Amino acid sequence: MNYLKFNYYVLFLCLLFFSRGALAGTAVAQIDHQDGELGEHFNLSITVAGDLAGRVELPPIADLIVAGTGTSTSISYINGSLSKETSYNFVLEPQKEGTFSVPALKLKIDDQWVETQAITIKVRNGGGGGSAAQQAPAGRQNPAAGRPGSASDDEPVQEGAGPNVFIEREFSKTSPYEGEPIVVTTKIFHRVELANVEAMNEKPAGVRIIEIKQGNTTELRNGMSYQVLLVKQAMIPTRSGKVKIPGFRVRAALVLPPERRQGRRGGSFDDFFDDFFNRSQNRVVRRVLASKDAELDVKAVPTQGKPANFKGLVGTFRIDSEISPAELKAGETATLTLTIDGVGALDTIGNLELPLGSKIRAYADKPQGEEHGSEKWGLESKRIFRFALVPIQKGDFALGQFKLPYFDPRSGKFDELVADLGELKVAEGDDRVASTPTVTNPNGTVKLKADVQALASVLIDIHRHIPLACSQVLSRKDFVLTGVLMGVPALLCLLVLILQSLKGRPRGGRIVRRRQALRNFQSSLEKLRAASLSPARFLESAFHAYREFIGDIFGLQGGSLTAKEIAPRLVKFRIPKDLLSQLEELVLKIEYTQYGSENLTQQQVASLVELMQDLAQEIEKRC
Amino acid sequence: MLKTFFIIVSILCTNSLSAVSVEEASKAYDQGDFAAAISIYENLISSGLRHGSLYYNLGNSYFRKGEKGKAVAAYLAARRLMPRNPDVKANLKFVEEQGPDKLAPHLSSALLRNLAFWVDYASPKEVLWVSAILGCLGLSLLFLTLVFAKLIFLRPWSLAMSLLACLSLGIFISSLYFEETWGAVSVPLAEVHSGPGETNTVVFQLHEGAPFVVDALEPGWYRIQLSDAKLGWLAAKDATVFLF
């Protein structure tokens with residue numbers, strides 16, 4: 001018996017010893033995949049069971065950066081014992097191809113030193129980001145994704161940020177002439193959803209930029225389909241020499257697919273719990289994406305063959321001329337319109353000078369221009385120059401030709417715009433021209449006021465008489481005055497209403513009631529007429545309706561009123577005596593005819609009812 | 001009584017002095033002494049006189065002096081007080097067209113803003129007075145119908161006018177809500193930052209005369225909104241804004 005008891009003790013101690021050993025802390029290192037391509041992320045997970053002293057930190061590894069970290073803890077209570085497991089996750093991003101080794105980590109868990117196993121990663125050059133992304137499992141498709149959960153952090157600039165998002169920029173020409181527009185096409189390729197795309201471009205020195213268009217398209221790269229955000233711009237170099245064009249930068253939110261838990265592929269149960277614990281939601285990370293900087297070698301317009309009156313026009317242009325009216329009197333105004341349009345910038349021209357001689361005065365209007373980006377040529381411009389031409393004597397004037405030199409970058413030669421300005425036939429007119437008042441515009445051009453007003457292109461004169469007494473700004477005074485303006489009648493209304501309610505029913509209500517009573521009386525009479533009653537019966541009913549009317553006027557049950565009751569009430573309402581006597585007469589007549597022996601004719605009844613109606617209307621008016 | 005008399009006399013004196021100043025400013029303007037004209041107009045404004053024509057004339061003087069940005073700001077202030085004045089509109093357009101930034105001096109977004117179209121046609125003061133007059137008429141009619149029972153037939157009119165007055169008051173309140181404070185860039189090139197401070201990122205640049213709406217104020221900074229809905233912070237030193 002004792003022997004058996006001893007064996008049980010040994011067995012118990014052994015179990016205790018081994019179970020203690022089993023309960024000791026453990027640390028396991030896992031990598032989601034050991035073989036991958038450049039641009040992919042590798043998720044290293046170190047799972048610690050037990051209480052860890054300190055933190056899990058990876059030693060620095062050359063060309064392998066930690067793009068993100070995270071921790072998750074699970075606590076389970078099984079068969080009465082509590083166990084805690086913590087996973088320390090690291091997102092590793094290789095910077096070059098090769099083999100990387102994550103050394104074994106020595107961790108102190110539950111007061112014991114535990115060592116994880118070393119991990120080796122092989123990284124090869126994929127030759128194209130697209131394929132890498134295609135092969136990558138869900139959850140790490142986007143190399144630009146970075147830290148999981150860092151939804152609001154702005155990451156540093158990432159050039160060609162990875163296979164899922166990158167920017168390409170193309171210049172239609174890298175060595176244009178100064179002033180020659182070129183087309184710059186920027187494409188933002190993305191295989192993940194982009195949101196809140198915000199351009200962060202600084203205006204580069206030495207070029208003028210005009211937006212042409214933006215749009216979305218789809219393109220294939222390395223056999224993979226990408227959504228492309230297309231931005232087309234026109235760039236016009238404004239100086240010669242090397243012009244540095246900074247990379248196209250955008251800040252965008254990348255909507256990434258949900259990250260799967262490592263080491264578990266539990267099928268639908270996992271999906272259920274992912275959904276339940278909200279782990280299947282997309283992740284959003286903010287990134288700044290940029291294309292590479294570029295450099296334009298801008299050529300100066302050649303000096304050889306450059307005309308003396310060259311105004312810096314570079315492009316391909318044409319000119320139109322129109323004069324209206326062509327026939328006029330001396331002193332009158334004709335408008336000459338020169339329209340220049342074509343490919344290239346026209347903003348360098350400034351004011352044009354017309355060689356018209358001394359017999360015609362020319363007054364330049366402010367040039368009007370428009371320019372828009374062209375997908376084919378970069379920039380298309382149009383500029384309209386108007387001149388008020390005032391001939392000062394009669395005669396036929398050939399205005400000659402207007403010439404404007406420009407440089408054509410396509411041919412590399414100077415050319416000339418030539419416009420025939422037409423003719424003016426001038427009849428004799430008055431000589432008010434010399435005395436016409438003039439105004440000076442800020443550009444220094446002298447203009448005739450009349451022409452200026454006609455062309456509507458100059459500053460309108462100052463206001464000479466200003467009613468300073470009336471301020472146009474809202475002030476306390478306005479609020480007080482408008483308050484008084486509305487407050488006084490409002491208070492008066494309130495006062496009247498209070499007084500009327502103190503005295504009894506409001507008068508307005510009684511008037512309405514009075515009118516309604518008359519209407520009721522009249523409609524009763526009409527009904528009685530339509531009923532084809534005997535004269536006596538008709539009179540009786542009409543009188544009843546009349547008494548009801550009187551009763552309605554005084555707010556009583558009119559049918560029960562007697563003539564004696566009616567009279568004092570009417571006196572109280574200041575009904576004139578003549579009307580009162582008429583009423584008494586009417587009542588007497590009706591009573592006499594009702595209770596008398598003679599039969600009433602229809603005419604007698606009609607005249608009595610008529611009298612009744614007249615009196616009713618009078619009462620309604622006078623009450 | 002004596003106090004009231006002195007107040008009236010001082011108001012009359014102030015107005016006559018101001019009228020003299022306006023004449024002096026006009027004379028200086030005609031003689032090409034735009035700096036003197038500006039100084040007089042600015043003094044009049046700083047003395048508390050608020051009239052659209054003063055801002056308009058100030059705008060003309062600035063423009064003649066070559067300060068295009070300040071001119072735009074003055075015209076915008078004039079427009080706020082005289083929204084239907086054709087001279088203000090014409091000169092504002094004229095000056096705006098000369099700037100490189102093709103920005104419209106009005107916001108073209110927001111359905112609510114479009115619904116409140118009257119903001120472009122009437123100043124809040126005008127709307128307030130219209131509503132007050134309508135309200136006064138409506139309530140006076142109501143009072144008459146209450147006192148003189150025979151005028152009861154006017155009651156629907158009084159109610160209609162009171163209703164119009166209420167509507168007009170609503171419009172006035174919304175005018176105050178939708179009223180925009182416009183200003184303009186007054187330096188050749190201004191940088192607009194992502195926040196109120198030089199250390200914040202430059203989000204875009206504006207040239208002199210570019211109009212903007214002041215969205216919010218911080219010491220030394222305006223948060224601005226452009227007609228193309230761009231937002232940013234502009235240093236107050238780079239801008240001219242006439243605040244009423």
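Determine if the stretch A:96-104 includes at least one residue that is at pLDDT 80 or above, surrounded by 12 or more Cβ atoms within 10 Å (Cβ to Cβ), under 49 Å from the mean Cα position of the chain (by Cα) and within 23 Å of A:Asn164 (Cβ to Cβ). Yes, that holds for at least one residue. The residues of the stretch B:19-71 that are within 9 Å of chain A (Cβ to nearest Cβ), outside any helix (DSSP H, G or I) and surrounded by 16 or more Cβ atoms within 10 Å (Cβ to Cβ), listed by number, are B:Leu49, B:Arg50, B:His51. Note down all Cβ pairs under 6 Å where the first residue falls in the stretch B:121-149 and is within 7 Å of chain A (Cβ to nearest Cβ) and within 21 Å of A:Gln472 (Cβ to Cβ), the second is modelled with pLDDT under 85 and part of a helix (DSSP H, G or I), and they're at least six residues apart or on different chains. Pairs that qualify, where the first residue is within 7 Å of chain A (Cβ to nearest Cβ) and within 21 Å of A:Gln472 (Cβ to Cβ) and the partner is modelled with pLDDT under 85 and part of a helix (DSSP H, G or I), are B:Pro124/B:Ser175; B:Pro124/B:Leu176; B:Leu128/B:Phe172.
Exactly one residue among A:Arg208, A:Arg169, A:Arg249, A:Arg239 is of a type outside the set (A, V, I, L, M, F, W, C), crowded, with 16+ Cβ neighbours inside 10 Å and either within 30 Å of A:Thr303 (Cβ to Cβ) or in the same structural domain as A:Thr348 (by TED's automatic domain parsing) (or both), and that residue is A:Arg208. Residue count for the stretch A:193-232 under the criterion of being out of contact with any strand residue (DSSP E or B) (no Cβ under 9 Å at 6 or more places or on another chain) and hydroxyl-bearing (Ser, Thr, Tyr): the result is 0.
Checking the conditions here, which among B:Ala184, B:Ala190 is in contact with a Leu (Cβ under 6 Å, 6 or more places away or on another chain), surrounded by 15 or more Cβ atoms within 10 Å (Cβ to Cβ) and in a strand (DSSP E or B)? Going through B:Ala184, B:Ala190 in turn, just one is in contact with a Leu (Cβ under 6 Å, 6 or more places away or on another chain), surrounded by 15 or more Cβ atoms within 10 Å (Cβ to Cβ) and in a strand (DSSP E or B): B:Ala190. Within the stretch A:285-329, the residues that satisfy the criterion of being among the hydroxyl-bearing types (Ser, Thr, Tyr) and in a strand (DSSP E or B) are A:Thr316, A:Ser321, A:Ser324.
When every residue of the stretch A:352-369 is checked against the conditions, at least one turns out to be under 30 Å from A:Lys299 (Cβ atoms), under 37 Å from the mean Cα position of the chain (by Cα) and either loosely packed, with under 15 Cβ neighbours inside 10 Å or outside the structural domain of A:Val184 (by TED's automatic domain parsing) (or both). Every condition in (1) without any contact (Cβ under 8 Å) to a residue 40 or more places away in the chain; (2) touching a Pro at 6+ places or on another chain (Cβ under 8 Å) holds for B:Met161 except the one numbered (2). Among the residues of the stretch B:194-217, at least one is under 20 Å from the mean Cα position of the chain (by Cα), free of Cβ contacts under 8 Å to residues at least 24 places away in the same chain and surrounded by fewer than 14 Cβ atoms within 10 Å (Cβ to Cβ). When restricted to residues that are touching a strand residue (DSSP E or B) at 6+ places or on another chain (Cβ under 8 Å) and within 13 Å of another protein chain (Cβ to nearest Cβ), the stretch B:152-189 contains 2. When each of A:Gly555, A:Gly551, A:Gly596 is tested for being modelled with pLDDT under 80, at positive phi and out of contact with any Asp or Glu (no Cβ under 7 Å at 6 or more places or on another chain), the lone residue that passes is A:Gly555.
Of the strands (runs of 3 or more DSSP E) lying entirely inside the stretch A:200-250, the ones with 3 or more residues being free of Cβ contacts under 8 Å to residues at least 24 places away in the same chain are found at A:207-221.
The values are calculated or read from the model by the stated rules, or taken from the named source; none is laboratory data. In this text the structure is predicted, and so the values were computed from the model without any measurement. So basically every Cβ, Gly included, is an ideal-geometry build from the backbone, and we count neighbours across all protein chains shown.
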